[in-house]
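Encoded as structure tokens, the structure appears first; notes follow it.
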Amino acid sequence: MPELPEVETIRRGLEKEIINKIISEVQVKTPILIKRPQVDEFIARLKNVTIVATNRRGKYIIIYFDTKEYLVIHLGMSGRLLYQPEKDIFLENSKDIEKHNHIFILFKDGSKIIYNDIRKFGKIWLLEEKEQLHRINSLGFEPLDPSFSIDALQKLLKNNNKNIKSFLMNQKNITGIGNIYANEILFQSGVHPCRKANSLKKDEIKRIYLNIRDILSKAINSGGTTMIDESYLDLNGNKGEYGKSLMVYGKKADICPVCGIPLEVIKIDNRSTFICTNCQK
DNA sequence: AAAGTAACCTGCCCGC
DNA sequence: TGCGGGCAGGTTACTT
């Protein structure tokens with residue numbers, strides 16, 4: 001589910017709501033989600049710590065504590081973080097939602113963060129200051145960071161013989177792009193997703209580069225993409241508005257918004273890929 | 001060694 | 001009405 005814009009929206013929510021809060025207690029209903037350390041230790045080490053900062057790397061959320069320890073959270077396909085300012089908030093469909101509440105982080109002021117995840121593909125680690133995760137160290141460029149330049153992209157592409165969509169979705173190249181935004185970036189760049197990365201011309205690379213930054217930025221500004229099923233919600237339970245700006249993703253049996261011919265759906269790496277064969281060459 | 005496939009889970013939608 | 005198949009924003013581990 002959540003790609004960079006959704007994860008960044010959630011991180012901003014955390015920055016706004018939980019900085020300086022003190023954890024009074026952590027409850028874990030689904031231990032399998034905690035990857036490190038063991039659950040008992042996880043709970044014990046989080047007691048009485050203060051939240052001092054948040055960060056994001058690709059699709060990973062990072063929460064730092066005054067103890068110098070830090071929490072790493074990946075939401076998988078259906079993970080959510082939900083903030084509740086106090087007890088007994090009324091939620092629509094609360095039974096369906098509550099069924100998938102797995103972890104509760106309670107704060108001394110009575111507010112809490114709930115980790116909710118229908119499919120349980122998410123993962124959480126609590127790490128010491130000197131501990132690092134290989135999976136984060138091996139991530140590629142942060143696409144909105146100044147270090148991600150057009151030259152950097154060009155170099156990566158030159159040495160890559162995969163198709164451009166697989167390239168964009170490989171987190172070791174650029175991190176944070178998933179299926180929605182890969183589709184949108186390639187459509188708006190006029191590049192067919194099956195094109196080999198090392199075959200792209202300079203003007204195509206430039207368009208892809210600009211669209212990566214433009215689309216991800218706009219999606220963040222819209223609070224991410226909530227599809228009809230509403231599986232993505234931000235920290236405060238709000239939907240993201242970028243779905244209204246999607247041009248091809250999810251538009252099965254629809255027409256190209258630019259030229260009007262029927263869109264096609266193909267599979268790349270077993271993921272649905274929406275294309276206009278007239279606009280994307 | 002690259003490329004394809006299965007696995008991890010739950011829920012929804014469709015066709016029969 | 002029910003059952004099976006396919007699908008879903010992700011990533012890793014195993015197989016050819």
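The numbers here are math on the coordinates, done by the rules we state, and not lab data. What you are looking at is a predicted structure, and each value in this text was computed from that prediction instead of being measured. Backbone-built Cβ (ideal geometry, glycine too); neighbour counts: all protein chains shown.
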On C-alpha positions alone, give me the angle between the axis of helix A:4-17 and the longest principal axis of chain A, in degrees, nearest 10. 30 degrees
Positive-pole candidate from A:ASN137, A:ASN159, A:PRO257, dipole of chain A, charges at beta carbon: A:ASN159
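Can you give the local net charge around A:ARG45? Use residues other than it whose beta-carbon is closer than 15 angstrom to its beta-carbon, Lys and Arg +1, Asp and Glu -1.
Numbers: positive: A:LYS35, A:ARG36, A:LYS47, A:LYS68, A:LYS130; negative: A:GLU25, A:ASP40, A:GLU41, A:ASP66, A:GLU69, A:GLU128, A:GLU129, A:GLU131.
So the surrounding residues net to -3.
For A:ASP214, A:ASP234, what ranking results if the residue with the fewest other Cβ atoms within 10 Å of its Cβ goes first?
Numbers: A:ASP214 12, A:ASP234 21.
Placing the least packed residue first, the sequence is A:ASP214, A:ASP234.
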Among residues other than A:GLY190 whose Cβ falls under 13 Å from its Cβ, what is the net charge (Lys/Arg +1, Asp/Glu -1)? +2
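Tell me, A:LYS68, A:LYS59 in order of fewest to most beta-carbon neighbours within 10 Å?
Details: A:LYS68 12, A:LYS59 22.
By the 10 Å Cβ count, ascending, the order reads A:LYS68, A:LYS59.
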Difference of contour (0.36 nm per residue) and Cα-Cα distance, A:SER245 to A:ASN278: 9.8 nm
Can you tally the net charge around A:PRO262? Count Lys and Arg as +1, Asp and Glu as -1, for every other residue whose Cβ sits under 13 Å from the Cβ of A:PRO262. 0
Relative to the first principal axis of the alpha-carbon coordinates of chain A, what is the inclination of helix A:179-189, with its axis defined by its Cα atoms, in degrees from 0 to 90 and to the nearest 10? 30 degrees
I'd like the FRET efficiency for A:SER111 and A:LEU144, computed as 1/(1 + (r/R0)^6) with the beta carbon distance as r and R0 of 30 Å, rounded to 0.05. 0.50
